[in-house]
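Engineer: Take this structure first; my questions come after.
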Amino acid sequence: MAACPCGSGRDYQDCCGPLHAGAPALDAEALMRSRYSAYVREDADYLLRSWHPSTRPDALAFDDPRPVWLKLEVLRHKPTGPDSAEVEFVARYRIGGGSVVRMREHSRFLREGGHWYYLGAIGG
């Protein structure tokens, strides 16, 4: 058993693993957590699949130097409608021997066809 990178305290196979394998996320927070885990695991295919087509880049590469993801903290999950939500989070990472970087984002999510998708950062 391996702890899920998203910080839920659950095993990866019971947390983000099923979403990475194609199961729909229960809500926007679950999708956001699974996207964080996908960054940790460098799963570009999942990141692109979970990104809304209207804002999704054509490709996603993990260039060097690669960050080492350290921790995810969800600050707020706010439904904004029956099929939309916002999630505010802080992700911490380090590149090489550098200082820890604290990345804060307020993101928008949309549910279509029973699946949640990442739209993008608010103000970004």
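Engineer: Toward the positive end of the charge dipole of the chain, about the Cα centre and with charges on Cβ (Lys, Arg +1; Asp, Glu -1), which of Gly96, Tyr118, Ala38 goes farthest?
Structural biologist: Gly96
Engineer: Continuing with the same structure: By how many degrees, 0 to 90 and rounded to 10, does the Cα axis of helix 28-41 deviate from the longest principal axis of the chain?
Structural biologist: For helix 28-41, the angle is close to 30 degrees.
Engineer: For Trp116, which sequence-distant residues (separation of 5 or more, or a different chain) have an amide H within less than 5 Å of its own amide H, given hydrogens modelled in the peptide plane?
Structural biologist: Result for Trp116 returns Ala25.
Engineer: Residue by residue, what Karplus-based ³J(HN,Hα) values in Hz, rounded to whole numbers, does region 73-82 have, using 6.51, -1.76 and 1.60 with θ = phi - 60° and x for Gly and Pro?
Structural biologist: Using θ = phi - 60°, the values come out as 10, 7, 8, 6, 10, 10, x, 10, x, x Hz.
Engineer: Explain nothing, just the number: dipole magnitude of region 12-121 about its Cα centre with +1 on each Lys and Arg Cβ and -1 on each Asp and Glu Cβ, in debye rounded to the nearest 20.
Structural biologist: Roughly 360 debye, rounded to the nearest 20.
Every number here is computed from the coordinates shown, using simple stated rules; none is lab data. Keep in mind the model is a prediction, meaning the values are calculated, not measured. A quick note on method: Cβ atoms are made from the backbone with ideal geometry, for glycine too, and the neighbour counts reach across all protein chains shown.
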